[in-house]
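Working notes, beginning with the structure itself.
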Protein chains: 2
Amino acid sequence: MGIANILSVDDDENLQFVIKEYLEDEGHTVFTAANRNELLDILEKETIDIVLQDLVIPNDDGLSMISAIREKSEAFIFIVSGKDDPLDKIIGLEVGADDYITKPFEMRELNARIKATMRRFKQQKETAAAETEDEGPSKITLPHWVLDRSRFQLFDTAGKSMNLTTGEFQLLEALALAPNRVLSREHLFSITRDGKFDVYDRAIDIQIGRIRKKMNDDPNDPQHIKTVRGVGYMLVV
Amino acid sequence: MGIANILSVDDDENLQFVIKEYLEDEGHTVFTAANRNELLDILEKETIDIVLQDLVIPNDDGLSMISAIREKSEAFIFIVSGKDDPLDKIIGLEVGADDYITKPFEMRELNARIKATMRRFKQQKETAAAETEDEGPSKITLPHWVLDRSRFQLFDTAGKSMNLTTGEFQLLEALALAPNRVLSREHLFSITRDGKFDVYDRAIDIQIGRIRKKMNDDPNDPQHIKTVRGVGYMLVV
DNA sequence: ATATATTGTAAGAAACATGTAACAAAGATT
DNA sequence: AATCTTTGTTACATGTTTCTTACAATATAT
């Protein structure tokens with residue numbers, strides 16, 4: 001990622017040439033349009049990410065062209081204006097443009113803004129994706145505890161952190177998702193780590209011990225994590 | 001504020017009665033539904049803030065009901081599960097629920113959770129309001145910092161610039177957009193730069209180090225950017 | 001009661017992840 | 001082209017986490 005389909009709408013052929021050269025050097029694909037017909041034509045045929053729209057187009061109106069773009073496309077629209085007119089800016093943003101840049105501009109400046117825009121787009125997409133692929137509840141509430149899965153931490157009901165390590169947290173999480181059910185060492189092992197489980201492996205036991213210590217759970221009379229001899233462990237609630 | 005419209009979905013009439021009594025004593029308005037039809041009916045007619053959804057409903061499926069709620073409402077969803085619920089249901093919790101609570105639960109506990117949720121809601125609404133009447137999402141305000149997204153710079157509450165580089169700012173921005181959430185190095189990498197992430201890549205660590213230095217955040221006892229071993233980094237607010 | 005199996009845990013070793021200095025590379029600015 | 005800024009790489013020190021081993025404690029079966 002990092003490259004975009006860009007459409008520049010301007011009647012100034014020299015400027016169009018400069019913009020095209022520069023942005024293509026940056027790796028983008030650049031289309032140009034000098035009037036409304038060309039604009040609509042390209043929007044139809046290509047998937048445009050960013051439109052650079054000049055406000056002053058002979059025999060037409062840049063602002064109304066922006067509305068036309070908005071109807072057809074989700075593209076990010078930069079207004080390119082010959083004068084720094086706050087009213088144009090306000091109206092432009094009103095009809096659906098996203099940013100405003102004043103002529104004459106440094107190509108470097110334009111490029112920087114395009115980059116920032118692309119990144120913002122990308123970020124939005126990724127955050128949205130991360131949220132939907134989110135695995136279920138972000139918190140698990142038990143009578144005396146709260147497991148916060150976005151913080152990877154266990155808290156008591158007063159909100160105090162129990163300072164579990166990530167590995168401890170994951171083991172407890174597995175138990176908490178199936179409270180009052182005995183889970184075998186093998187099952188717990190397969191959830192929390194890779195590799196093959198060996199019957200004499202005590203790693204789970206040790207880890208349970210550490211969790212108990214942090215939860216203040218006496219192993220001889222556990223209130224939270226119970227041992228079921230010959231089977232495994234169970235979180236009771 | 002502090003009261004909410006709560007909808008409890010459960011087929012156990014006794015439990016429904018207890019919940020309703022208790023929460024109404026607390027000042028909330030409580031609706032009850034015993035099946036999908038009642039649920040949809042109430043969602044249609046009322047603006048529900050919080051739904052308590054039993055995982056097991058006779059002749060229906062609590063999980064799919066949650067998806068249905070999500071389609072119609074922005075409500076915060078608590079999954080309520082009994083200890084005898086089938087394991088596959090629990091493992092399959094990949095829908096958009098927000099909290100998970102196991103029966104039997106103390107009403108006091110449930111009430112505390114609801115209060116915490118309301119507080120968060122309220123806060124969210126207020127920040128959203130502040131943003132629109134201010135200057136859009138161009139600034140991210142945290143307890144000790146302000147991130148100005150149009151200037152790509154971090155300021156303290158006194159307005160002093162922290163002189164972050166653009167790259168440093170972008171990384172911090174990504175963390176700030178998901179406060180109190182651990183983000184993996186891979187995720188941070190994919191947001192802030194192009195190309196493929198390699199597991200042994202330390203670029204993110206280094207940059208975090210530089211940001212911490214500029215924020216004056218002691219890595220051994222960080223107040224702002226916390227390291228979660230084996231997972232990633234988290235901005236705490 | 002005795003033998004056997006299972007679990008708890010201390011202590012040390014090993015594995016692992018992180019912070020960071022110092023240098024190199026890349027990029028921007030002049 | 002020369003300089004400055006920013007970012008990435010390598011290498012190493014440090015501290016944390018996890019595992020192994022060994023043995024004691026406990027439960028179960030005979």
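Note on the range A:139-235: lysine pairs with Cα distance below 20 Å, sequence gap of 8 or more or different chains, count 6.
Note that the protein assembly as shown carries a Kirkwood radius of 26.1 Å, evaluated over its alpha carbons pair by pair. Report, in degrees rounded to the nearest 10, the 0 to 90 angle that the Cα long axis of helix A:107-132 makes with the longest principal axis of chain A. It is inclined by approximately 30 degrees.
Between the helical axis of B:203-215 and the longest alpha-carbon principal axis of chain B there is an angle of about 80 degrees. Here's the picture: charge each Lys and Arg Cβ at +1 and each Asp and Glu Cβ at -1 in the range A:139-235, and of A:Gly230, A:Ala176, A:Thr141 the one pushed furthest to the positive end of that dipole is A:Thr141. Of the residues B:Ile3, A:Gly209, A:Thr29, the one whose Cα sits farthest towards the positive end of the charge dipole of the protein assembly as shown is A:Gly209 (charges of +1 on Lys and Arg Cβ, -1 on Asp and Glu Cβ, taken about the Cα centre). Among the lysines of the range A:5-132, pairs at least eight places apart or on separate chains and with Cα atoms under 26 Å apart come to 22.
Net charge dipole, the range A:139-235: roughly 100 debye, given to the nearest 20, about the Cα centre with Cβ charges of +1 for Lys and Arg and -1 for Asp and Glu. Taken residue by residue and averaged, Cβ atoms of other chains lying within 10 Å of the Cβ of A:141-152 number 5. Across peptide B:100-106, the mean count of Cβ atoms from other chains lying within 10 Å of each residue's own Cβ comes to 6. The long axis of helix B:166-176 is offset from the longest Cα principal axis of chain B by roughly 20 degrees. The charge dipole of the protein assembly as shown, taken about its Cα centre with unit charges on the Cβ of Lys, Arg, Asp and Glu (plus for the first two, minus for the last two), comes to roughly 2340 debye. Per-residue packing, averaged as other Cβ atoms within 10 Å, sorts the ranges A:173-183, B:176-186 into the order A:173-183, B:176-186, beginning with the highest. Using the Cβ-Cβ distance between A:Asn37 and B:Thr165 with R0 set to 30 Å, the FRET efficiency from 1/(1 + (r/R0)^6) comes to roughly 0.10.
Loop-located trypsin sites (Lys or Arg not before Pro) across the range A:30-111 with a Cβ neighbour count of 14 or fewer within 10 Å are A:Lys83, with loop assigned by DSSP.
Estimated from helices alone, the mean residue ellipticity of chain B at 222 nm is -13000 deg cm²/dmol (sum of -39500 (n - 2.57) over DSSP H runs with n ≥ 4, per residue).
Qualifying chymotrypsin sites (Phe, Trp or Tyr not before Pro) in the range A:145-237, where qualification requires a DSSP coil assignment and no more than 10 other C-beta atoms within 10 Å, comprise A:Tyr200. The range A:81-127 and the range A:19-79 have Cα centres lying 13 Å from one another.
Between the C-alpha center of the range A:137-190 and that of the range B:211-231 there is a gap of 24 Å.
Each DSSP beta bridge with both residues in the protein assembly as shown is either parallel or antiparallel, and the antiparallel ones are about 45%. About the centre of its Cα atoms, chain A shows a dipole size close to 2160 debye [charges on the beta carbon of Lys, Arg (+1) and Asp, Glu (-1) only; nearest 20 debye]. Look at A:Met118, A:Met65, A:Met107 and count the other Cβ atoms within 10 Å of each Cβ; fewest to most, that gives A:Met107, A:Met118, A:Met65. Here the calculated FRET efficiency for B:Asn59 and B:Asn5, from their Cβ-Cβ distance with R0 = 22 Å, stands at 0.25, rounded to the nearest 0.05.
Values in this text are rule-based calculations from the coordinates and carry no lab data. Computed from a predicted model, the values in this text were never measured in an experiment. Ideal geometry is used to build each Cβ from the backbone, glycine not excepted, and the neighbour counts take in all protein chains shown.
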